[in-house]
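**Student:** First the structure, then my questions, so here it is.
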Amino acid sequence: MSALPDTRSSSDFTQERFAAHLANRSDLPAWWLEAKKTAWNQYLALPLPVRTDERWRFSNLKGIDLAGFVLPGQPAPHTPHLPDFPRVAELTFSNRQITNRTPLPAELREQGVIFAPLDEALREHGDLVRRYFRKHPVALGSEKFVELNTAFCSTGALLYVPRGVEIALPFVVEHTLAGDHMATFPHTLVILEDQAKATLVEFFVSTETETAHFVSGVNDLHAAAGAYLTYVGVQHWSDATQAFQSNSIAAGRDARVFSLNLHLGGRQARHESHSRLLAPGAHSEMLALTVAHGTQEFDQRTLQTHAAPHTSSNLLYKNVLLDQARTIFSGLIVVEPDAQKTDAYQSNRNLMLSAAAEANSLPGLEIEANDVRCTHGATTARIDPDQQFYLEARGITPQHAHELLVFGFFEEILDKLTDDHLHAALTRFIQSKFKS
Amino acid sequence: MSQLEIKDLHVSIGEKAIVKGFSLTLNSGEVHAIMGPNGTGKSTLSKAIAGHPDYTVTGGDVLLDGRSILAMQPDERARAGLFLAFQYPSEIPGVTIANFLRAAVQARMAEGEELDATGYYKRLYSKMDLLKIDRKFTSRAVNDGFSGGEKKRCEILQMAMLEPKFALMDETDSGLDIDALRIVAEGVNAMRGGALGILMITHYQRLLDYIVPDHVHVMWDGRIVKSGDKSLALELEAKGYDWVKKELAKA
């Protein structure tokens, strides 16, 4: 492989670099290479976000800058310490190379479960990927970066669980980045057939805290009839990272999708999540926890689309803000005309630990059916001084009392994880941000 | 043997003077009751001693074993051996009793010292049994959705676990039915007599039937106006606070 050019001024997102990326993938299905070309052209055609776009209200547009970012050539020399908890299998990507893969238990393989890196999935299960890849697009503002993801994605995973197969332990996918001005484009698909049950936990982590990274990640989460899909995303990029993540959730008849995204890292991190309740009985639980410190900006845009009657969704996004950090939450519930008996809830709760922090909240409803129950709300509060005093009066230091109250604020969400080991591991992971 | 000495204490909330020259010396093993009508400064006294930031000490001193605690932060005072049993304990959603108490116990240990988890739970469960608190409570959030009686039992549980030198019990009987009061009193009585000194603040004599004080003080307008033994509480019950008012007027 040729040496990368000196790229502090020019990035890898050029025609030449894209052509080279494609050339390296000539063994992949033709439809895939075509999709990449289309995406690349879309990426070029789409403008960068502009101030007049309501979907970017309050966002720091000046902070979006792709200049100088390159695709890493070598795996990271070391991997960050990630939470440990029992898992069924894992895939680890470091600087866009697969560096670790634990085998799928034979029993699951025999049942038809697939858990493979994206490129392998494209080679061996191309039709499956083709059927679900960006099947339900997310159009909440970051389309340009979603196209860039398709153009350059090579890492990520396919988890496919056939009808009726229930797997208790989580699958784990880890993406790590190391080195200055590195970029990555993970894309993970989770496909659960009827009555299947599985959990996927995905980590997005930088090995250093200061280096700048650029990331655009995409997920396609599909739960067919009666399936129960749990997705947990844990984002802890470096504090100099620009991160975009786009989550597409589709729930069929009586399916349940539980998604929890933990946002800790990034200079500016935008997360878009769109749930589609496609058939009666479908339910989507959308949860997020954010710890924003320094001058970090976390930008969360959500859409809950109720496309069928008797569907329900429950969104709870909680942010803790320190220092001069900023958060933006903009959420919309859409109830389509025939989606009677929809039960939808949306709540954004901000805990302000600093007077200089800024939480923006834009909840919204768009209801075209007449027999529905939809509620939304946003609250912004400080630590209750009476609670703080109560803990201190038991000898707990002000700092620790503060932490306990913040974790208490989060616990409402973490407590919904039914996997106790995962719950404990994530709690410790969040605590590490406070201690650092 | 420890001593809590409150010397000519003056406390204000904002500009308003509430405690006006309160003096009392409390020794280990003693139970003192402070009685008085509402608004006389009883709760203010206990919160000021615990270090609540809304209360300003404008004069006098509070000494624990000869050392002033007034410059200490609330958590330091607690670790030095003071415990305030709240009249209205805060609800702390998301923080389980087990974690909360473990944090409080750990705060009293030396840096680097590890908590013996097995020993901790053994002790916690035995105290819970004593206070007839269901063990399931350990995984419930502190006071979150508790009944009045549960909150007060939870206060006593914390007191039992933290083994303070001195407990300031602010209206522990309020909001308790007779069964809950009996359980709470049993818990307190099991702790008294040894190294613990108790300052029990109450409006009613009822509590004193269950936790019999060694000394009774009547507080009026921010200070002690009359002291005696448990018979003073009974006299007060019979004659009412107006009796004290008249006595004061005569003097």
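Just so you know, all these numbers are worked out from the coordinates, no wet-lab data involved. Everything numeric here is computed off the predicted structure, so don't read it as measured data. FYI the Cβ positions are ideal-geometry reconstructions off the backbone, even for glycines, and counts take in every protein chain you see.
**Student:** Please report the antiparallel percentage of DSSP beta bridges with both residues in chain B, rounded to the nearest 5. Don't jump to the answer; show the numbers that get you there.
**Tutor:** On the way: 25 of 43 bridges.
About 60 percent, rounded to the nearest 5.
**Student:** Order of B:63-73, A:208-218 by packing, highest average Cβ count within 10 Å first? Before the final figure, lay out the partial values.
**Tutor:** Numbers: B:63-73: 13.8, A:208-218: 21.7.
Per-residue mean Cβ counts within 10 Å order the peptides as A:208-218, B:63-73.
**Student:** Can you sort B:D209, B:D116 from fewest to most other Cβ atoms within 10 Å of each residue's own Cβ?
**Tutor:** On the way: B:D209 15, B:D116 10.
Fewest to most other Cβ atoms nearby, the residues stand as B:D116, B:D209.
**Student:** Shifting gears a bit: Taking just the C-alpha trace of the stretch A:18-386, give me its Rg and Dmax in Å.
**Tutor:** Calculated on Cα positions, Rg and Dmax stand at 19.8, 64 Å.
**Student:** Take B:I211, A:I114 and order them by how many other Cβ atoms sit within 10 Å, fewest up front.
**Tutor:** Numbers: B:I211 22, A:I114 19.
So the ranking, lowest neighbour count to highest, is A:I114, B:I211.
**Student:** Which GluC sites (Glu not before Pro) in the stretch A:368-403 pass both tests, a DSSP loop state and at most 15 other beta-carbon atoms within 10 Å?
**Tutor:** On the way: sites: A:E368, A:E392, A:E403; in loops: A:E368.
For GluC sites (Glu not before Pro) across the stretch A:368-403 that sit outside H, G, I, E and B with at most 15 neighbouring Cβ atoms in 10 Å, the list reads A:E368.
**Student:** Other chains' Cβ within 10 Å of B:51-59 residues: what's the mean?
**Tutor:** Numbers: counts 3, 5, 4, 3, 0, 0, 0, 0, 0.
What the average comes to for B:51-59 is 2.
**Student:** Relative contact order for the stretch B:1-149: what percent, with Cα pairs under 8 Å and sequence separation of 6 or more? Walk me through the numbers before you get to the answer.
**Tutor:** Working: 181 pairs, mean separation 33.0, N = 149.
In percent, rounded to a whole number, it is 22.
**Student:** In square nanometres, what is one fourth of the surface area of the convex hull spanned by the alpha carbons of the protein assembly as shown? Intermediate values should be presented prior to the final figure.
**Tutor:** Working: hull surface 142.2 nm².
Here the figure is 35.5 nm², rounded to one decimal.
**Student:** Can you give me the distance in nm between label points at A:T102 and A:L61, each placed 7 Å from the Cα along the Cα-to-Cβ direction?
**Tutor:** 4.6
**Student:** Separate question: So what are chain B's ellipsoid semi-axes, whole angstrom, largest first, if each one is the square root of 5 times an eigenvalue of the alpha-carbon gyration tensor? If you can, show how the numbers build up before the last one.
**Tutor:** Details: eigenvalues 185, 90, 53 Å².
For chain B, the ellipsoid semi-axes come out as 30, 21, 16 Å.
**Student:** Would you mind checking which residues have amide H under 5 Å from A:A157's amide H? H placed 1.01 Å from N; only 5 or more apart, or other chain.
**Tutor:** So A:A157 has HN proximity to A:L118, A:H187, A:T188, A:L189.
**Student:** Something else now. Among all lysine pairs in chain A that are eight or more places apart or on different chains, how many have alpha carbons less than 24 angstrom apart?
**Tutor:** 12
**Student:** Once the principal axes of the Cα atoms of the stretch B:11-149 are found, what is the range along each, listed largest first in whole angstroms?
**Tutor:** 46, 36, 29
**Student:** Okay, next question. Can you list residues whose amide H is under 5 Å from A:V138's amide H, if they're 5+ apart or on another chain and H is modeled 1.01 Å from N?
**Tutor:** Sorted by chain and number, the residues that satisfy this come to none at all.
**Student:** Antiparallel versus total DSSP beta bridges in the protein assembly as shown: what percent is that, nearest 5? Mind showing how you got there, number by number?
**Tutor:** Details: 33 of 184 bridges.
Counting DSSP beta bridges with both partners in the protein assembly as shown, the antiparallel share is about 20 percent.
**Student:** Can you work out the FRET efficiency for the pair A:T295 and A:F434, with r the C-beta to C-beta distance and R0 = 22 Å, to the nearest 0.05?
**Tutor:** 0.80
**Student:** While we're here: Which percent, nearest 5, of DSSP beta bridges in the stretch A:18-386 are antiparallel?
**Tutor:** 5
**Student:** While we're on this one: Taking every pair of alpha-carbon atoms in the stretch B:110-251, what share in percent sits in each 10 Å bin, from 0 to the bin with the longest distance?
**Tutor:** Percent of pairs per bin, in order: 10, 35, 30, 16, 7, 2, 0.
**Student:** Short version: ³J(HN,Hα) in whole Hz for each residue of the stretch A:230-245, in order, from phi by Karplus 6.51 cos²θ - 1.76 cosθ + 1.60 (θ = phi - 60°), x for Gly and Pro, what are they?
**Tutor:** Coupling constants for the stretch A:230-245: 10, 10, 10, x, 10, 10, 9, 5, 5, 6, 10, 8, 9, 10, 10, 9 Hz.
**Student:** Next question. Using +1 at the Cβ of each Lys and Arg and -1 at the Cβ of each Asp and Glu in the protein assembly as shown, identify which of A:L192, A:A178, B:L207 lies farthest towards the dipole's positive end.
**Tutor:** The listed residue farthest towards the positive side: B:L207.
**Student:** For chain B, which span is the longest to avoid every loop-located (per DSSP) member of GluC sites (Glu not before Pro) having at most 11 other Cβ atoms inside 10 Å?
**Tutor:** Details: sites that count: B:E15, B:E111, B:E113, B:E114.
Segment B:115-251 is the longest.
**Student:** Separate question: Roughly how many whole Å is it from the C-alpha centroid of the stretch B:200-251 to that of the stretch A:305-336?
**Tutor:** 57
**Student:** Trypsin sites (Lys or Arg not before Pro) within the stretch A:48-97: which are DSSP loop residues with at most 11 other Cβ atoms inside 10 Å?
**Tutor:** Values: sites: A:R51, A:R55, A:R57, A:K62, A:R87, A:R96; in loops: A:R51, A:R57, A:R87, A:R96.
When the trypsin sites (Lys or Arg not before Pro) of the stretch A:48-97 are filtered for loop state and at most 11 Cβ neighbours within 10 Å, A:R51 remain.
**Student:** I'd like the Karplus ³J(HN,Hα) series for the stretch A:307-314: coefficients 6.51, -1.76, 1.60, θ = phi - 60°, whole numbers in Hz, and an x wherever there's a Gly or Pro.
**Tutor:** These are the phi-based 3J(HN,Hα) values: 9, 8, x, 6, 10, 9, 8, 9 Hz.
**Student:** Return the long-range amide H neighbours of B:I224 (sequence gap of 5 or more, or a different chain), with a cut-off of under 5 Å between placed amide H atoms.
**Tutor:** Distant-sequence amide H within range of B:I224: B:S23.
**Student:** What's the average, rounded to a whole number, of partner chain beta-carbon atoms within 10 Å of each residue's beta-carbon in B:102-108? Provide the component values of the computation, followed by the final result.
**Tutor:** On the way: counts 0, 9, 8, 3, 3, 8, 3.
Mean number of neighbouring Cβ atoms from other chains: 5.
**Student:** If you take the Cα Rg of the stretch A:370-434 and divide it by 2.2 N^0.38 Å, with N the number of residues, what do you get? Please report the intermediate quantities before stating the final value.
**Tutor:** Working: Rg = 15.8 Å, N = 65, 2.2 N^0.38 = 10.7 Å.
Dividing the Cα Rg of the stretch A:370-434 by 2.2 N^0.38 Å gives 1.47.
**Student:** So, one more: Whole Å is fine, so just give me how far the alpha carbon centre of the stretch B:1-28 lies from that of the stretch A:196-249.
**Tutor:** The stretch B:1-28 and the stretch A:196-249 have Cα centres separated by 57 Å.
**Student:** May I pose another question? For the stretch B:169-182, just list the computed ³J(HN,Hα) in residue order, Karplus coefficients 6.51, -1.76 and 1.60, θ = phi - 60°, integers in Hz, with x standing in for Gly and Pro.
**Tutor:** Each residue of the stretch B:169-182 in turn: 9, 8, 6, 4, 7, 5, x, 9, 7, 5, 5, 5, 4, 5 Hz.
**Student:** Going by C-beta contacts inside 10 Å, put A:W31, A:W40 in order with the fewest on the left.
**Tutor:** Values: A:W31 14, A:W40 21.
With the fewest neighbours first, A:W31, A:W40 line up as A:W31, A:W40.
**Student:** Give the separation of the Cα centroids, the stretch B:36-60 to the stretch B:67-129, in Å.
**Tutor:** Cα centroid of the stretch B:36-60 versus Cα centroid of the stretch B:67-129: 22 Å apart.
**Student:** Would you mind checking the radius of gyration and Dmax of the stretch A:18-92 based on alpha-carbon positions, in Å?
**Tutor:** Rg and Dmax of the stretch A:18-92, Cα atoms, are 18.5, 47 Å.
**Student:** A further question follows. If I take every Cα pair under 8 Å that is 6 or more residues apart in chain A, average their sequence separation and divide by the length, what percent do I get for the relative contact order? If you can, show how the numbers build up before the last one.
**Tutor:** Numbers: 1127 pairs, mean separation 43.9, N = 436.
Normalised by residue count, the contact order of chain A is 10 percent.
**Student:** Right, something else. Mean residue ellipticity at 222 nm from the helices of chain A, using -39,500 (n - 2.57) per DSSP H segment of n ≥ 4 over the full residue count, to the nearest 500 deg cm²/dmol? Each step should come with its number before you reach the end.
**Tutor:** Details: 9 runs with 95 residues, N = 436.
So the helix-based figure for chain A works out to -6500 deg cm²/dmol.
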